[in-house]
Structures are given as C-alpha cells and as structure tokens.
Amino acid sequence: MKHGNYTYPITLQLLSDGRKNRVFNKKIRSKIKVTMVHGKKDEVVPVSYSKKILKIFTNAKKKLVIVKNGDHSLSSNKGLKILKKEIKLITS
C-alpha cells in the first residue's frame, strides 16, 4: 500500500492482528503519563488518530503536542528536538 511518500506492506497477519486487538474499542484506566507527538503535516496518519488514542486512556495524564511543520517521520531538527524534550519530561 502506498500513501504519501511511504509504502507499507499489508499482510494477512497485519489484518488478523488488527481485527483481534481493535485498540480503539478499549479503555485503559491506568494512571500514567501519555504524550502523543504528531506532525501537523502528517500525510500518513491524521492528527485525529492521536486524539482518538488519547481518549482510550481514561485516567491518564494526557498531552498532545502538534508539531506545526512536522511530517509523519518528525525527523527534522525541530521535530527531533521536540521529541527529545517530551521524552525527558515524561521520564522524569
């Protein structure tokens, strides 16, 4: 499957695992820190998916960081700097 500048192999195992796990239908009640870092210009996964994932964590301390010019990989200097900062915050 090709989407944007990325090509993803879609296998029967991937589809089977996706049907079995259905993450969006679950609730996680752990009191943990959850931070999603998402590029606003991500052409592969929309920001709405990060928002949906955060809703799964009902008791968590949640944070969504949207990188203004970030793409799917967040591999620019700015994207990497933000990722590093958020990892430090969540692990301290």
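The values are calculated or read from the model by the stated rules, or taken from the named source; none is laboratory data. Everything quoted here is computed from the prediction, not taken from an experiment. Backbone-built Cβ (ideal geometry, glycine too); neighbour counts: all protein chains shown.
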Item to check | Residues within the range 68-82 that are aliphatic (A, V, I, L, M) and within 12 Å of the chain's Cα centre (by Cα), tallied | outcome: 1
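Considering only the range 19-53, state which residues are among the small types (Gly, Ala, Ser) and loosely packed, with under 11 Cβ neighbours inside 10 Å.
Listed by number, the residues that qualify are Ser30, Ser48.
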Checklist entry - Within the range 1-17, restricting attention to residues that are surrounded by 10 or more Cβ atoms within 10 Å (Cβ to Cβ) and more than 24 Å from Asp71 (Cβ to Cβ), which residue is farthest from the chain's Cα centre (by Cα)? => result Ser16
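Report whether or not Ile56 is over 30 Å from Lys2 (Cβ atoms), modelled with pLDDT of 90 or more and surrounded by 13 or more Cβ atoms within 10 Å (Cβ to Cβ).
No, not satisfied.
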Checklist outcome for this item: Filtering the range 21-52 down to residues that are more than 15 Å from the chain's Cα centre (by Cα) and at pLDDT below 85 yields Asn21, Arg22, Asn25, Lys26
Checklist outcome for this item: Those residues of the range 70-86 which are under 12 Å from His38 (Cβ atoms) and exposed (fewer than 14 other Cβ atoms within 10 Å of the Cβ) amount to Ser73
